[in-house]
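Only one structure is covered here, and it is reproduced in the block below.
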Amino acid sequence: MNKHTIAGIALVAIFTATASGCGTGEASVASVNESALPAPLPVRVVSPETMDIFAAYKTAAAVAAEEEAPILARVAGQIVEILVEEGDKVKKGQILARLDGDRLRLEMLQAHANLEKMSREYDRLTNLHERGLVSATTYDGLKYDREALRAVYKLKRLNYAYTEIRATIDGIVSSRDVNIGSNIKVGEIAFTVSDTSCLVSYLNIPQTELSKFSPGHEVTVTVAAMPEHGFGATVARISPTIDTRNGTFRATVYIDNRDGDLAPGMFGRFTIAYEKHSNALVIPVDAMLIEDNETVVYVVTDGAAVRRAIETGIRSDGKIEVLSGLDQNDEIVVTGLSGLSDGSRVLASVTAPGNVSG
């Protein structure tokens, strides 16, 4: 082999080694670039839904009985029998308790006897008067005496009837203030009866909100004892004068309580819906961000989060109305917004509407 052949073989070997080395270097750079890309961010998405949404004003107030009657003793005496207890339903005129009425009963019987005696005397003199044997003055005097005794008897009979303490309205016994054996005076409270079929609350409405409300507006009431149950109520009237102490108007709200689930004294949370948008496009409030003085959401498109400015309307119960910027087929990020920017790669999982949680 001559020296020219040897030199050629060496050049080929060098070229091959060089080419092989260059190829290996290029593959390594590509692998580094690929591994340097950030991993897709896991997010949860949901599509907008259509529903009726209400603009509402929320406040809180105590619940009270619209009709509540203290049952007073009309005569003095000792309580000898109690027929009802707190929580019992009673009807108007029902006997709640009895007093010792022996003395009043005897006084009534005495008055009745005096009246009967006078009535017989009056009948006898009537015959004589008709025959002209009794003067008109005597006859008239006897007639007036009989009427006076009749009035005395009715008064004694009424006082005796008052030994039975009776309910003055239909309702529930909300308090019993007497015990067997205790003495009660005229005018003292023996019981309190409350009509709880219709309850009332008084709401303070700020001046700035007053124009939104009117009598007849529907109200939803919730209480701590049953937070998942809403009770129906109605704005009955709104005071035309302002309370100078707090700058509010008083709205009277009646609550339907025919089932008896609510009790006077409970503290209620009231939601007054004053505006309704039907078939509105809504999204969870959790999907909304405020960036650069714009309301934005992130829409997932081809595996990337795209920033989208939207215009919003009514906000209620964790949802907000979208007036423009979205349609019902969009998929918006509701969980995993932290760290997102326009164009971020994402790995999305679908959340059913109404099941969104932070």
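The values are calculated or read from the model by the stated rules, or taken from the named source; none is laboratory data. Computed from a predicted model, the values in this text were never measured in an experiment. Cβ atoms come from the backbone with ideal geometry, glycine included; neighbour counts cover every protein chain shown.
Observations on the model:
- Number of positions in the range 237-262 that are of a type in the set (A, V, I, L, M, F, W, C) and more than 16 Å from TYR57 (Cα to Cα): 3
- Given (1) polar (S, T, N, Q); (2) touching a strand residue (DSSP E or B) at 6+ places or on another chain (Cβ under 7 Å); (3) surrounded by fewer than 17 Cβ atoms within 10 Å (Cβ to Cβ), number of the condition SER194 does not satisfy: (3)
- Any hit, the range 142-158, residues being small (Gly, Ala, Ser), out of contact with any Asp or Glu (no Cβ under 6 Å at 6 or more places or on another chain) and free of Cβ contacts under 8 Å to residues at least 60 places away in the same chain: yes
- Residues of the range 71-89 that turn out to be under 21 Å from ASP100 (Cα atoms) and under 31 Å from the mean Cα position of the chain (by Cα), as a count: 3
- Residue in the range 210-231 that is buried (at least 17 other Cβ atoms within 10 Å of the Cβ), farther than 16 Å from GLU68 by Cα, of a type outside the set (A, V, I, L, M, F, W, C) and modelled with pLDDT under 95 present: yes
- Residue check, TYR153 within 30 Å of GLY77 (Cα to Cα), surrounded by 13 or more Cβ atoms within 10 Å (Cβ to Cβ), in contact with a His (Cβ under 9 Å, 6 or more places away or on another chain) and of a type outside the set (Lys, Arg): yes
- Cβ pairs under 6 Å, 6+ apart, first in the range 96-114 and acidic (Asp, Glu), second not in a helix (DSSP H, G or I): ASP100/GLY77; ASP100/GLN78; ASP100/VAL80
- Considering residues of the range 301-313 that are surrounded by fewer than 19 Cβ atoms within 10 Å (Cβ to Cβ) and among the hydrophobic types (A, V, I, L, M, F, W, C) only, the residue nearest to the chain's Cα centre (by Cα): ALA309
- Residue within the range 174-181 that is in contact with a strand residue (DSSP E or B) (Cβ under 9 Å, 6 or more places away or on another chain), free of Cβ contacts under 8 Å to residues at least 60 places away in the same chain and over 30 Å from LEU125 (Cβ atoms) present: yes
- Contacts under 9 angstrom Cβ, first residue in the range 332-348 being within 7 Å of VAL43 (Cβ to Cβ), partner acidic (Asp, Glu), 6 or more apart: THR335/ASP286; ALA348/GLU331
- Residue within the range 118-129 that is under 30 Å from GLY77 (Cα atoms), touching a residue at least 24 places away in the same chain (Cβ under 8 Å) and crowded, with 17+ Cβ neighbours inside 10 Å present: no
- Residue within the range 96-113 that is surrounded by 11 or more Cβ atoms within 10 Å (Cβ to Cβ), modelled with pLDDT of 95 or more, closer than 30 Å to ASP256 by Cα and among the hydrophobic types (A, V, I, L, M, F, W, C) present: yes
- Within the range 134-164, if we keep just the residues that are polar (S, T, N, Q) and part of a helix (DSSP H, G or I), the residue that is nearest to ILE82 (Cα to Cα) turns out to be ASN159.
- Selected residue (only one of SER357, SER324 is closer than 30 Å to LYS58 by Cβ, modelled with pLDDT of 90 or more and surrounded by fewer than 18 Cβ atoms within 10 Å (Cβ to Cβ)): SER324
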